[in-house]
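Chemist: Would you mind keeping the following structure in view while I ask a few things?
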Amino acid sequence: MRAMILAAGLGTRLHPLTENRPKALVEIAGRTLLEITLARLRGSGIGDVIINVHHFAGMILDYLESNKNFDMNIVVSLEEVLLDTGGGLKKAAHFFLEHSGREEPLLLHNVDVLSTIDLPRMVQFHTEHQPLATLAVEERKTSRYLLFQEASELCGRRFGEDSPTELVRPSQRVQPLAFCGIHVISPRFLKMMSEEGAFSIMTSYLRLAEAGEKILGFRADEYYWRDLGTPESVAQAAEDLQQSVTLP
């Protein structure tokens, strides 16, 4: 099984921490976000990883080299122009398609989230249910909700609490859930992304859900999860790790 870490963003919300470094090299308790994410993947049995980079890309390359790639097979996908989540994965698709004879899913993980989500269990859930993609989700407040039918199938989205609901398939009852920045994706999805340039992977998910593809939510409510998009959140995560949270 292979994975991709999304690390190309500018980290604007993390200023001033990202004024002289990429967000992937912001530290929590002496460890960079990139090291923490790589350790999570390695601990889940994943040794082959591609990382997309853009902002201070050279620093990430030097960091990986100085740490001997953390004893993993790591490839870097350099984005001259930011491609967003979908465009970034599409550019890196060759890393997964060169093993197209194998049917293992791939794991896509934001570098700026910290969690104890059981990644092998999430992969097992995906394997058992065979959707096009499985998205880690939980019930919490967010500015961008994904909407799911009772069978946990993606059927739409909503921006904020009071915004109009965008449904891509009819559903009498939907549940709004917050996305956790972790996906397990079937390899066939890579050839189904018809969008070009910079685009959100959610655009592809919603288009394909409308066409009848099954995209499932994996409930992660029982796990610790924190978005690391602001200096305040990074500070809180450091405190959490010191006091109560143990990463698997």
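The values are calculated or read from the model by the stated rules, or taken from the named source; none is laboratory data. Note that the structure is a prediction, hence the values are computed from the model and not measured. Cβ coordinates were reconstructed from backbone atoms using ideal geometry, including for glycine residues, and neighbour counts include every protein chain displayed. Areas reflect the complete protein model, heavy atoms only, side chains present, ligands, DNA and RNA absent. Shrake-Rupley method; radii C 1.70, N 1.55, O 1.52, S 1.80 Å.
Chemist: Strands (runs of 3 or more DSSP E) wholly in region 164-248 with at least 1 residues that are basic (K, R) - which ones?
Modeler: It comes to 215-219, 225-227.
Chemist: Only residues that are open to solvent by less than 10 Å² (accessible area, probe 1.4 Å), under 24 Å from A198 (Cα atoms) and either part of a loop (DSSP other than H, G, I, E, B) or not β-branched (V, I, T) (or both): list them for region 103-136, please.
Modeler: L106, L107, L108, H109, V111, L132, A133, L135, A136
Chemist: Please find, among T12, T32, T37, the residue that is modelled with pLDDT under 95 and of a type in the set (S, T, Y).
Modeler: T12
Chemist: Would you list the strands (runs of 3 or more DSSP E) that sit entirely within region 1-102 and hold 3 or more residues that are open to solvent by 40 Å² or more (accessible area, probe 1.4 Å)?
Modeler: Hits in region 1-102: 73-78.
Chemist: Among the residues of region 162-169, are any open to solvent by less than 10 Å² (accessible area, probe 1.4 Å), out of contact with any His (no Cβ under 8 Å at 6 or more places or on another chain), farther than 22 Å from V49 by Cβ and modelled with pLDDT of 95 or more?
Modeler: no
Chemist: Sticking with this one: How many of the residues making up region 200-233 are in contact (Cβ under 8 Å) with a residue 60 or more places away in the chain and under 20 Å from R13 (Cα atoms)?
Modeler: 8
Chemist: In region 207-234, what count of residues is obtained for those that are acidic (D, E) and closer than 21 Å to E139 by Cβ?
Modeler: Looking only at that region, the number is 3.
Chemist: So, I185, is that one surrounded by 17 or more Cβ atoms within 10 Å (Cβ to Cβ) and touching a Gly at 6+ places or on another chain (Cβ under 6 Å) or not?
Modeler: It is false that I185 is surrounded by 17 or more Cβ atoms within 10 Å (Cβ to Cβ) and touching a Gly at 6+ places or on another chain (Cβ under 6 Å).
Chemist: Moving to a separate point now. List pairs: first residue in region 37-58 and β-branched (V, I, T), second residue outside any strand (DSSP E or B) and open to solvent by 10 Å² or more (accessible area, probe 1.4 Å) anywhere in the structure, Cβ distance under 8 angstrom, at least six positions apart or on different chains.
Modeler: I46/M1; V49/M72; V53/L61
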